[in-house]
2 protein chains.
Amino acid sequence: MSDYKSILSASCPMPKLDFEIITMGHGSGGLLTHKLLDAGVFDVLSNEYLDKQHDGAVFDVTPGKMAFTTDSYVVSPIFFPGGNIGELAINGTVNDLCMCGAKAAFISLSFIIEEGLRVSDFWEILLHIKQAADHAGVKIVTGDTKVVERGKGDKIFINTSGVGKVHPEAAISVDRIKTGDKVIISNDIARHGIAIMSVREGLEFESDIESDTCHFNHIVEQLLEGFGNGIHFLRDATRGGLSTILNEVSQSLSKGIAIHQKDITVDESVAGACELLGLDPLYVANEGVFVAFVEASIADQVVQKLKSWENGLHAAVIGEVADQHPGQVVLHSQIGGRRVVNMLVGEQLPRIC
Amino acid sequence: MSDYKSILSASCPMPKLDFEIITMGHGSGGLLTHKLLDAGVFDVLSNEYLDKQHDGAVFDVTPGKMAFTTDSYVVSPIFFPGGNIGELAINGTVNDLCMCGAKAAFISLSFIIEEGLRVSDFWEILLHIKQAADHAGVKIVTGDTKVVERGKGDKIFINTSGVGKVHPEAAISVDRIKTGDKVIISNDIARHGIAIMSVREGLEFESDIESDTCHFNHIVEQLLEGFGNGIHFLRDATRGGLSTILNEVSQSLSKGIAIHQKDITVDESVAGACELLGLDPLYVANEGVFVAFVEASIADQVVQKLKSWENGLHAAVIGEVADQHPGQVVLHSQIGGRRVVNMLVGEQLPRIC
């Protein structure tokens, strides 16, 4: 579930952190802030840009299109089966750039720490951030650390923003979706939300349900290399789950989206947990699943490409864009029924990311 | 002190926000999140990039150097004399880009809202964000909204990140500072920290002390146009105040910095408040003051340029870089004494920005 202990013992002990909890002084900008940063953060994340320790990072850009995105991560608990807030903060922001047709390159990292956070927890998160950044091939080039009083935060919130060059062949835009486009999902759904809920509710299932958190930085590049502007639109199915993003798209297009339940994979344990918790997997957040709207003629090849990726084993064409039912998502059930799937109203799973 | 009421009544009433407080559901990613965003946020901040409402913003870049920065704002209280958290979040991030020799262009905006925040407060902050962005000439192009439970946040935290092109003539780097360089401050010091403390402590002074928050996006461009690589280094004197940033520089250079108290302006009310609160103005945070290390031959012209700016009336050469006292900042007092000014230890003024 987590290999931080091996990372810790292997390369990154905490030799220079001679304090056990983070205090208000660590956010003051003065000597203690420097101690916190110098005593590890800069060492762990070191790269040519961050090492300059200026107010921002400076890098060369070549002509073309650039994508820019931001997300704050407030997931609770900060450690959960299959991941943690640090890993999520890297993968989530990398993925938002990918959904713009870009390859994530540079990431900013901003902590809002609640006074009293254990340094060992901070350290573990930091190592996972480093590992996730390395996996995705991105550099953390600039950052910020603030500390708030006990009861004014919740352990740690992390903002990551990111920039990356848009692939020259990419033409990702909701208005490129047309009737007849195929809707592809990159993997089985609902694992992240259930992994979080299982910890919160103290539930134990027959098999451990782990978050699906992963990055899309390489697979999306491969899709764009292979299929160029045949990929019309991409979006990750995070907060609000698959149904919410499909609703956003159908409303924005004023077209209908038909999806077929039989083609949407839900892991057996996840389905069981959803039943137990009274949740519809269509509304449960994912952190490693995206939806692609593609030219019908390439849909099967896109699915094959996704299936060759370790996080795309359950990739499938799950539906198509239609003129019927404009603004609505219509689910064709396994037993032949049809129902309209609405957008999530209110909170289903708060603080899932 | 604040002109939001006129803004409110003039152009941006709250016609579509039919709820009074922000609830957990507004951060779910579902219908309530859309309601919060559509019912105002997108209207107020509207521009060609944000309007696409995709996972990130995409824009064209031309060859050259780009700067990228991030900051999270946790200032308490969220409204204070002379400013508010929204304005600070724009100015602060714009200024960090300026300190890299860049002109800020695109800003990301991420809210972490505590459940129960009044919509009217959110709205006021949003309008100030818009106004500050317009003043600085930047666009808010991408964003995120999270909501946390009561007691897990503190009204609202805001992260802004930003990107901007580095001026072609800029060569801003700490290692360009050399012995004999002049140290210039852009204005009088300590107003921001004292404005915050006066509200927190419920103090009333003879005259209102207002935060100095402002943006540097135009003045720094003018300095770089006028003086190019004669400007060796720039840094804003925020958390930890003037003394902390001078210490950072002197330690990083292993050179000494001599500063002259008589040349550092502190407003009379601010000085009085500092005395009352037992604070040294050299350690009090600023939000509208930066320090420039420049070639000695251009120092006076730089000061003249700064003085022509509405936020630079008290600009002055305050010192010089020396080989003596490497790693130390030495203050020459008005009565002829000398003392070493150390970096701020621990917290002096928490949550100042």
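The values are calculated or read from the model by the stated rules, or taken from the named source; none is laboratory data. Note that the structure is a prediction, hence the values are computed from the model and not measured. Here the Cβ positions follow ideal geometry from the backbone for every residue, glycine too, while neighbour counts run over all protein chains shown.
Only one of B:THR265, B:THR244, B:THR238 is in contact with an Asp or Glu (Cβ under 6 Å, 6 or more places away or on another chain) and among the β-branched types (Val, Ile, Thr). Can you tell me which?
Working: B:THR244 fails: in contact with an Asp or Glu (Cβ under 6 Å, 6 or more places away or on another chain); B:THR238 fails: in contact with an Asp or Glu (Cβ under 6 Å, 6 or more places away or on another chain).
Among B:THR265, B:THR244, B:THR238, only B:THR265 is in contact with an Asp or Glu (Cβ under 6 Å, 6 or more places away or on another chain) and among the β-branched types (Val, Ile, Thr).
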Against the condition in the same structural domain as A:GLU210 (by TED's automatic domain parsing), surrounded by 22 or more Cβ atoms within 10 Å (Cβ to Cβ) and not in a loop (DSSP other than H, G, I, E, B), how does A:LEU306 come out, does it pass?
yes
Name the pairs whose Cβ atoms lie under 6 Å apart, with the first residue in the range B:138-150 and closer than 16 Å to A:ILE158 by Cβ, the second of a type in the set (D, E, K, R) and buried (at least 24 other Cβ atoms within 10 Å of the Cβ), and 6 or more positions between them or separate chains?
B:ASP144/A:ASP71
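Out of all the residues in the range B:22-33, which are buried (at least 22 other Cβ atoms within 10 Å of the Cβ) and either at the interface with another protein chain (Cβ under 7 Å from one of its Cβ atoms) or not β-branched (Val, Ile, Thr) (or both)?
Let us first name the residues in the range B:22-33 that are buried (at least 22 other Cβ atoms within 10 Å of the Cβ), namely B:22, B:25-30, B:32-33.
Correct list: B:GLY25, B:HIS26, B:GLY27, B:SER28, B:GLY29, B:GLY30, B:LEU32.
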Does the range B:239-259 include one or more residues that are farther than 18 Å from B:LYS182 by Cα, assigned to a helix (DSSP H, G or I) and free of Cβ contacts under 8 Å to residues at least 60 places away in the same chain?
no
Check on B:LEU117, more than 23 Å from B:ASP60 (Cβ to Cβ) and either free of Cβ contacts under 8 Å to residues at least 12 places away in the same chain or crowded, with 24+ Cβ neighbours inside 10 Å (or both):
no
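Do you know which of the residues in the range B:91-116 that are of a type in the set (Ser, Thr, Tyr) and in a strand (DSSP E or B) is farthest from A:ILE352 (Cα to Cα)?
Applying the first criterion (of a type in the set (Ser, Thr, Tyr)) to the range B:91-116 yields B:93, B:108, B:110.
Checking which are in a strand (DSSP E or B) leaves us with B:108, B:110.
Numbers: B:SER108: 21, B:SER110: 16 Å.
The qualifying residue farthest from A:ILE352 (Cα to Cα) is B:SER108.
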Can you tell me how many residues within the range B:68-125 are closer than 12 Å to B:LYS155 by Cα, touching a helix residue (DSSP H, G or I) at 6+ places or on another chain (Cβ under 6 Å), among the charged types (D, E, K, R) and away from every other protein chain (no Cβ under 12 Å)?
0
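Right, A:LYS65: assigned by TED's automatic domain parsing to the domain that holds A:LEU117 and either modelled with pLDDT of 95 or more or not in a loop (DSSP other than H, G, I, E, B) (or both) or not? Give the derivation first.
Working: assigned by TED's automatic domain parsing to the domain that holds A:LEU117: yes; either modelled with pLDDT of 95 or more or not in a loop (DSSP other than H, G, I, E, B) (or both): yes.
Against the criterion (assigned by TED's automatic domain parsing to the domain that holds A:LEU117 and either modelled with pLDDT of 95 or more or not in a loop (DSSP other than H, G, I, E, B) (or both)), A:LYS65 qualifies.
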(1) modelled with pLDDT of 95 or more; (2) more than 11 Å from chain B (Cβ to nearest Cβ); (3) farther than 21 Å from A:VAL291 by Cα all hold for A:PHE205 apart from (1)
Among (1) surrounded by 23 or more Cβ atoms within 10 Å (Cβ to Cβ); (2) of a type in the set (Phe, Trp, Tyr); (3) more than 22 Å from B:ASP96 (Cα to Cα), there is one condition A:PHE157 misses while meeting the rest; what is its number?
(3)
Which residue is nearest to the other protein chains (Cβ to nearest Cβ), if the candidates are limited to the range B:158-192 and must be more than 25 Å from A:THR70 (Cβ to Cβ) and hydroxyl-bearing (Ser, Thr, Tyr)?
B:SER173
Considering only residues of the range A:34-52 that are free of Cβ contacts under 8 Å to residues at least 12 places away in the same chain and outside any helix (DSSP H, G or I), which is farthest from the other protein chains (Cβ to nearest Cβ)?
A:SER46
Among the residues of the range A:331-344, are any among the β-branched types (Val, Ile, Thr), within 14 Å of another protein chain (Cβ to nearest Cβ), over 28 Å from A:ILE78 (Cβ atoms) and in contact (Cβ under 8 Å) with a residue 40 or more places away in the chain?
yes
Got at least one residue in the range A:205-228 being of a type in the set (Ser, Thr, Tyr), surrounded by fewer than 24 Cβ atoms within 10 Å (Cβ to Cβ) and either in contact (Cβ under 8 Å) with a residue 12 or more places away in the chain or not assigned by TED's automatic domain parsing to the domain that holds A:GLY180 (or both)?
yes
If you go through the range A:143-163, how many residues are on the phi > 0 side of the Ramachandran plot and in contact with a strand residue (DSSP E or B) (Cβ under 7 Å, 6 or more places away or on another chain)?
1
Is it the case that some residue within the range A:282-289 is without any contact (Cβ under 8 Å) to a residue 40 or more places away in the chain and either under 16 Å from A:SER243 (Cα atoms) or not small (Gly, Ala, Ser) (or both)?
no
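Mind listing whichever residues of the range A:53-62 are in a loop (DSSP other than H, G, I, E, B) and surrounded by 18 or more Cβ atoms within 10 Å (Cβ to Cβ)? Show your work before the answer.
First pass over the range A:53-62, keeping only residues in a loop (DSSP other than H, G, I, E, B): A:53-56, A:62.
Scanning the range A:53-62 gives A:HIS54, A:ASP55, A:GLY56.
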Can you spot a residue in the range B:282-294 that is aliphatic (A, V, I, L, M), under 19 Å from B:ARG176 (Cα atoms) and part of a helix (DSSP H, G or I)?
no
Among the candidates B:GLU169, B:GLU124, which residue alone is more than 25 Å from B:ALA102 (Cα to Cα) and either crowded, with 16+ Cβ neighbours inside 10 Å or in contact with a Leu (Cβ under 8 Å, 6 or more places away or on another chain) (or both)?
B:GLU124
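Restricting the search to the range A:197-208, which residues are within 20 Å of A:SER243 (Cβ to Cβ) and either among the small types (Gly, Ala, Ser) or part of a loop (DSSP other than H, G, I, E, B) (or both)?
Start the filter on the range A:197-208 by keeping residues that are within 20 Å of A:SER243 (Cβ to Cβ), which leaves A:197.
Residues satisfying the conditions do not exist here.
Mind listing just one residue for me: the one in the range B:334-353 that is within 28 Å of the chain's Cα centre (by Cα) and modelled with pLDDT of 80 or more and, of those, surrounded by the fewest Cβ atoms within 10 Å (Cβ to Cβ)? Can you show your working first?
Filtering the range B:334-353 down to residues within 28 Å of the chain's Cα centre (by Cα) leaves B:340-353.
With the extra rule that they be modelled with pLDDT of 80 or more, the set shrinks to B:340-343, B:350-353.
On the way: B:VAL340: 11, B:VAL341: 20, B:ASN342: 14, B:MET343: 21, B:PRO350: 21, B:ARG351: 22, B:ILE352: 29, B:CYS353: 26.
Looking at the filtered set, the residue picked out is B:VAL340.
In this structure, is B:ILE194 assigned to a helix (DSSP H, G or I), of a type outside the set (Gly, Ala, Ser) and under 30 Å from B:GLU320 (Cα atoms)?
On the way: assigned to a helix (DSSP H, G or I): yes; of a type outside the set (Gly, Ala, Ser): yes; under 30 Å from B:GLU320 (Cα atoms): yes.
Yes.
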Can you find a residue that is assigned to a helix (DSSP H, G or I) and over 25 Å from B:ALA170 (Cβ atoms) anywhere in the range B:131-147?
yes
A:ASP236 is checked against (1) farther than 18 Å from A:PHE290 by Cβ; (2) among the charged types (D, E, K, R); (3) crowded, with 20+ Cβ neighbours inside 10 Å and fails just one. What number does that condition carry?
(1)
Checklist (1) within 19 Å of A:SER110 (Cβ to Cβ); (2) of a type in the set (A, V, I, L, M); (3) without any contact (Cβ under 8 Å) to a residue 60 or more places away in the chain applied to A:LEU31, failing item:
(1)
